[in-house]
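Right, one structure below, let's go through it.
The values are calculated or read from the model by the stated rules, or taken from the named source; none is laboratory data. Being a predicted model, the structure only gives us computed values, none of them experimental. Positions of Cβ are generated from backbone atoms using ideal geometry, with glycine treated the same way; all protein chains shown enter the neighbour counts.
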Amino acid sequence: MGKGIVSPGFAGRRRAEGPNLPPGQYLTEDFPVLSAGPTPRIPLDTWAFEVITESGQRHRWSWDELVALPADDVTVDIHCVTKWSKLQTQWRGVAIDTFLEDVETAADFVLAHSYGGYTTNVPLDDLLDGQAWVAYQYEGEPVTPEHGGPARLLVPHLYFWKSAKWVRGLQMLLEDEPGFWEQAGYHDYGDPWREQRYQGD
């Protein structure tokens, strides 16, 4: 996920293909695999998802409990910070609102945690009101481990590094705390329409 994976000239030539593309993005039909480390393989019988409040209270769902929750089928565009965009992707998952229905929190921020140790920070407001999901199907099939399966966070209005692969929990925070890529210089928020790729953008 470093700079320069796609040259500015290449992105510039392709940009005219997609009127719905944020600045600097190019269309791809592929689904590139980019990861910060090895791909974890999590058996479904041991997989769990937790919401941890700022007071330390834990709310936990097993895999069977996850897939029994009401789910949404959503079609969204996704935009990677390395400048590729994929339009009209289809996912099935549980809205973050559903997990937070019985959670008491005064938090303004969330740190998403993944199996494998990856983290990323997101304002809580950006996960609510049908803007984000724990997704477990992509294009009608289970999400593959390479793409974050068995379940990943899906926050499509932000750069895709915010859609944490292999998600295992959301930690509620009173103050913002940078995650893996944010500590390495990536933008804390990551709005593709404002080209917020790196700190200072």
Among (1) touching a strand residue (DSSP E or B) at 6+ places or on another chain (Cβ under 7 Å); (2) crowded, with 18+ Cβ neighbours inside 10 Å; (3) touching a residue at least 40 places away in the same chain (Cβ under 8 Å) - the single one D108 does not satisfy: (2)
Exclusive hit being of a type in the set (D, E), at pLDDT 95 or above and more than 20 Å from V81 (Cβ to Cβ), set D125, D102, D191, D176: D125
Scan of the stretch 62-100 for residues that are closer than 15 Å to Q131 by Cα and in a loop (DSSP other than H, G, I, E, B), ordered by number: A71, L100
Condition met for F99 (closer than 18 Å to V51 by Cβ and buried (at least 19 other Cβ atoms within 10 Å of the Cβ)): yes
Residue check for F10: among the hydrophobic types (A, V, I, L, M, F, W, C) and modelled with pLDDT of 75 or more: no
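For L69, are the conditions met, namely being surrounded by fewer than 21 Cβ atoms within 10 Å (Cβ to Cβ) and within 30 Å of R194 (Cβ to Cβ)?
Working: surrounded by fewer than 21 Cβ atoms within 10 Å (Cβ to Cβ): yes; within 30 Å of R194 (Cβ to Cβ): no.
So L69 does not fit the description; no.
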Hits in the stretch 62-94 - residues which are more than 15 Å from the chain's Cα centre (by Cα) and under 15 Å from R152 (Cβ atoms): W63, L66, V67, A71, D72
D97 under 12 Å from the mean Cα position of the chain (by Cα), within 21 Å of P70 (Cα to Cα) and charged (D, E, K, R): no
Answer residue from the stretch 122-171, given it is touching a Gly at 6+ places or on another chain (Cβ under 8 Å) and assigned to a loop (DSSP other than H, G, I, E, B) and is farthest from A112 (Cα to Cα) among those: V143
Residue match in the stretch 39-46 (condition: in contact (Cβ under 8 Å) with a residue 60 or more places away in the chain, out of contact with any Cys (no Cβ under 8 Å at 6 or more places or on another chain) and either in a helix (DSSP H, G or I) or among the aliphatic types (A, V, I, L, M) (or both)): yes
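Yes/no matrix, rows are residues, columns are (1) within 27 Å of P22 (Cβ to Cβ); (2) touching a residue at least 40 places away in the same chain (Cβ under 8 Å); (3) touching a Cys at 6+ places or on another chain (Cβ under 9 Å); (4) buried (at least 18 other Cβ atoms within 10 Å of the Cβ):
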| site | (1), (2), (3), (4) |
| --- | --- |
| T75 | yes, no, no, no |
| W91 | yes, yes, no, yes |
| V103 | no, yes, no, no |
| S114 | yes, yes, no, yes |
| V122 | yes, yes, no, yes |
| P142 | no, no, no, no |
| G149 | yes, no, no, yes |
| W161 | yes, yes, yes, yes |
| V167 | yes, yes, no, yes |
